[in-house]
Amino acid sequence: MKIKQSILSRRQFLNSWILGTGTIAGSTIIHTIFSALLPQSKDEEPSEISLSTEYTQINPNTARPFFFGRTPSLLINSECGELIALQAICTHFECAVHYDPMLKKLVCPCHQGFFDIHGNNLSGPPPRPLLRYQIRRVDNGLVISLEHNA
Amino acid sequence: MNYSAQFDYVYQWFAERLSLNQLIYFLRKKSVPIHRHTIWYYLGNILLTAILIQIVTGIVLTFHYQPTPATAYESIKTIISEIKYGWLIRSIHKWGAYFMIAAAWIHLFSTFFFKAYRRPRELIWWSGVILFTLIMMLGFSGYLLPWSEHAFFATRVGTGIAGQVPIIGSGLKIFLRGGTEISDLTLTRFFALHVVVLPLAILLLGGLHLLLIQIHGLSVPASLENRQLSLKRIPFFPEFILQDLAISCWVTASIVALAVFFPCELGKKFDPILSTPESVLPEWYFLFMFKTLQMLPAQIGPLTGAQVGIFGFGVGFLLIFFAPLLERIFLRVSGRIFNISGIIMITFVIVMTILALINYDRVPSIEAIDLMQNTLAHQQLPGLLIFLPTLIALGIFLWLKARDLALLRIQGFFSNPSEEK
């Protein structure tokens, strides 16, 4: 049977097409703008880096900063001559930690967080130990790599 | 209205707090006169659309652009080749600027010939002329930011022209350049002008411009003023707004289409050791000035050719700016002389631009061609080819909706605002 009258009024027809095309166009614009705001893909962080021999000669009970990729890190020589490499970012709110030779601890000045020289959280608000790197001695210095705890 | 009860409740909640009903009542009462020059009323909206596109694309570009001589060019290269849709956003920003400036020129001269500057619209006129100047400055300051060869020399010439202005010239030049020469300081200044000072000024002054238009209503051309009361009128809301929105869709589609098919190039990086490249041309909207200054002889009487040219541009600008005051003086001499001066100015600009364009044979540099073979652009093309017809269709449906409402109004479904007291 043929329907004599349209089941859609002209008004409903136009409104639904405006809504439909408007949604497609609008979401395309929003998608384009927000994808263009995303940061460009930088190179991935390295899995290991090498440090020159001068890093092996740091004095006992001192620390020396280095960059693991773009991450600030510390190489610590303990009093007994043990080299420890730690990420110098506090696990509380990402302030930079420094080594205090008097306390023989790592200190986060932002919220008074303290870590021992192996990076274990001792007191204050930090919830976790600092990330510790593996150190391998090679002929021309050190190779620092991410620890695999598997 | 067949909204659900919940929607209606939310709408009423906001309507009560924002006085929406009064606003809609005001907009419904506001009407647009219909006559053979009605088409020029759409230009303000075209200009506004282009400005909004510039704001949005400009914000995206500011997220990635670095305003230092060492990194400016490279950051734009990154935008083109690595940022998703970066090439498109940058091209839209360029084509949007062209549309914005073209619309500003046409809007300025169409309202000039409408004599829309007459009492009580002097403040609308003056805010408009200042807005026009700010828009041109926006184009000028943006041209330096890529720190390419053309950008550098065009800015040196442009600020040099500013230096020739009597009295304030040398101070203005040093202020714009941040020193005696174009340097990293100039780039910082132009960046600040382009992304903060000028857009903010345009938003504030543009707001005043639009507010005053709401107060005084749309101006009717002087030639139709005696028939003003008998002119047909259509309500601004919703009919004219729907037409405006339809045109905004088509303008946006045109800008995006031009950006897709004629993407913006990036010349050679500026190298201070190299001499001026052979064809340094400003953007097309400054070409008339460029050609005039090129054609003037070195010395005219006691003045240099450049000084005469700048004096001429200054006189033209002041004639436009002070039109509301000057017209009355001119009218005592002859009724037509003011119109004729406008026609002479617009003819001069067009002829000079064409003369400059005849020798316009800029070959894109090798680097620019490489960037156009952007793999990202090719991947993103199919999506854009769906977007463009959708936007054009949206415009058509909005226009049909406006026509539909007009038919209902004529058949007496709504009260005709022109009949309302």
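Observations
- Only one residue of B:Phe190, B:Pro389, B:Val32 has its Cα farthest out toward the positive end of the dipole of chain B, where Lys and Arg carry +1 and Asp and Glu -1 on Cβ, and that residue is B:Val32.
- Annotation for B:Ile215 and A:Ser6: the two label points, set 7 Å from Cα along the Cα-Cβ direction, are 4.5 nm apart.
- For segment A:48-146, a crude dipole built from +1 on the beta carbon of Lys and Arg and -1 on the beta carbon of Asp and Glu, taken about the Cα centre, is about 140 debye to the nearest 20.
- Unit Cα scatterers, Debye sum, segment B:239-353: log10 I(q)/I(0) for q = 0.16 Å⁻¹: -1.04
- Cβ crowding within 10 Å averaged over residues, with B:21-29, B:97-105 ranked highest first: B:97-105, B:21-29
- Cα long-axis angle, helix B:337-358 against chain B (0 to 90 degrees, to the nearest 10): 50
- For segment A:48-146, with all protein chains in place and a probe radius of 1.4 Å, 52% of the accessible heavy-atom surface sits on carbon or sulfur.
- A cut-off of 5 Å between modelled amide H atoms, ignoring neighbours fewer than 5 places along the same chain, links B:Arg233 with B:Ile34.
- Mean separation of Cα contacts under 8 Å, 6 or more apart, over the residue count of chain B: relative contact order %: 25
- Segment A:29-100 versus segment B:238-299: alpha-carbon centroid distance in Å: 47
- At an R0 of 35 angstrom, the distance between the Cβ atoms of B:Val315 and B:Phe26 translates into a FRET efficiency of 0.25.
- Helix axis angle, B:5-18 relative to chain B longest principal axis, alpha carbon, degrees: 70
- Highest to lowest packing among B:35-44, B:50-59, scored as the average C-beta count within 10 Å: B:50-59, B:35-44
- Spacing of the modelled spin labels on B:Ala5 and A:Asn15, each 7 Å from Cα toward Cβ, amounts to 2.0 nm.
- Column: log10 I(q)/I(0), Debye, Cα scatterers of segment A:48-146, q = 0.17, 0.22, 0.25 Å⁻¹: -0.68, -1.10, -1.35
- Efficiency of FRET from Cβ geometry, B:Ile106 and B:Ala406, R₀ 30 Å, rounded to 0.05: 0.70
- Tail weight of P(r) past 18 Å, computed on alpha-carbon pairs of segment B:150-308, percent: 78
- Nearest 10 degrees, 0 to 90: helix B:241-261 Cα axis against chain B principal axis: 30
- Those lysines that a straight Cα-Cα span of less than 20 Å connects to B:Lys94, excepting residues fewer than 8 apart in one chain: B:Lys77, B:Lys84, B:Lys268, B:Lys269
- In chain B, the portion of solvent-accessible area held by carbon and sulfur atoms comes to 70 percent [1.4 Å probe, whole percent, DNA, RNA and ligands not counted].
- Full-extension gain in nm, A:His31 to A:Asn140, via 0.36 nm per residue minus C-alpha separation: 34.2 nm
- For chain B: rounded, prolate or oblate by the Cα gyration tensor [a/c cutoff 1.5]: oblate
- In plain terms, the C-alpha convex hull of the protein assembly as shown casts an average shadow of 42.7 nm² when viewed from every direction.
- Chain pair B, A: total accessible area buried, heavy atoms, 1.4 Å probe, Å²: 2000
- Å² of accessible area per residue within the protein assembly as shown, as computed with a 1.4 Å probe and no ligands counted: 57
- Burial of 50 Å² or greater, segment B:384-415 residues [accessible area, probe 1.4 Å, versus chain by itself]: B:Phe387, B:Thr390, B:Leu394, B:Phe397, B:Lys401, B:Asp404
- The distance linking segment B:216-237 with segment B:75-104 is 38 Å (Cα centroid to Cα centroid, whole angstrom).
- Fully extending the segment from B:Ile346 to B:Leu200, taken as 0.36 nm per residue of separation minus the present Cα-Cα distance, adds 49.6 nm.
- The mean number of partner chain beta-carbon atoms within 10 angstrom of a residue's beta-carbon across peptide B:228-236 is 0.
The values are calculated or read from the model by the stated rules, or taken from the named source; none is laboratory data. Computed from a predicted model, the values in this text were never measured in an experiment. Note that we place each Cβ from the backbone using ideal geometry, even for glycine, and neighbour counts take in every protein chain shown. Heads up: the accessible areas ignore ligands, DNA and RNA and are worked out on the full protein's heavy atoms, side chains in. Shrake-Rupley method; radii C 1.70, N 1.55, O 1.52, S 1.80 Å.
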